[in-house]
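One structure is given here, and the rest of the page talks about it.
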Amino acid sequence: MRSNIIIRMLERHEVKTVWQIERREIVHEIYRSVGGKLRLQPEFYDVQDWPEGEPEIYMPLLLDCFDHGGIFLGAYAGEQLVAVAVTDARPGQDYPEVRQLSFLHVSHGWRGQGLASNLYRQSMSAAQERGAKGLYISSTPTRRTVEFYLQKGALPVLRPDETLYALEPEDIHLIHRF
């Protein structure tokens, strides 16, 4: 990781800056959950930015998470937010012993430098300090993202959390128990 990165908690007024993260990515394969097993399949996407309308949909959810004690960790290069991880402090509906890692993104030019791993470890530690027994992850189904979580120790759930599944049925739902 580059030495000029500072990781710190975001303040409420900084939550809106998460949309500065450059989401650009070329995707060649995605995972699908079929009968409780992960199946890799070819699917091409040239992601240039956040999907249209996503900031407007998710901003109120992020602020609600923040207002209920959510853990917002930001990685900064100077004044620029280049990566962020958000963990909800509230128990999940179907898995009350874990907390949802609801947001983990690293800007395109900063990937591959350990930022996601560092933020993930710090998110796990913060959740564990608050009594959680693990993290629930509703992962974007891209190969790179799903394999990141699997390599960290997360496992697919046989029965996704109903509320989170209803929000994002195409995601791969995982739990990383501590």
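Every number in this text was worked out from the coordinates using simple rules, so none of it is lab data. Here the structure is a predicted model, which is why all the values come from computation and not from measurement. In this analysis, Cβ positions are derived from the backbone assuming ideal geometry, glycine residues included, and neighbour counts consider all displayed protein chains.
Could you work out the local net charge near Ser123, counting Lys and Arg as +1, Asp and Glu as -1, over the other residues with Cβ closer than 13 Å to its Cβ?
The answer is +2.
Note down the magnitude of the dipole of the stretch 5-177 about its Cα centre, charges +1 on Lys and Arg C-beta and -1 on Asp and Glu C-beta and zero elsewhere, to the nearest 20 debye.
Dipole size: approximately 780 debye.
To the nearest 500 deg cm²/dmol, what mean residue ellipticity at 222 nm is calculated for the chain from DSSP H runs of n ≥ 4 alone, each contributing -39,500 (n - 2.57), summed and divided by the residues?
The helix-only estimate for the chain comes to -7500 deg cm²/dmol at 222 nm.
Simple spin-label model, 7 Å along Cα-to-Cβ: Gln20 to Arg90 in nm?
2.8
Could you tell me the ratio Rg/Rh of the stretch 5-177? Both radii from Cα atoms, Rh via Kirkwood.
0.93
Could you work out how much longer the chain between Ser117 and Leu158 gets when fully extended? Use 0.36 nm per residue separation minus the Cα distance between them, nm to one decimal.
Here the answer is 12.3 nm.
At a Cα cut-off below 27 Å, give the lysines reachable from Lys133, other chains included and same-chain residues fewer than 8 away excluded.
In chain and number order, the partners are Lys37, Lys152.
Pulled fully out, how much extra length does the chain show between Asp49 and Leu63, if you take 0.36 nm times their separation in residues and subtract their Cα-Cα distance?
Separation in residues times 0.36 nm, less the Cα-Cα distance, equals 2.9 nm.
On full extension of the chain, what length is gained from Arg32 through Ile6, given 0.36 nm per residue of separation minus the C-alpha to C-alpha distance?
5.8 nm
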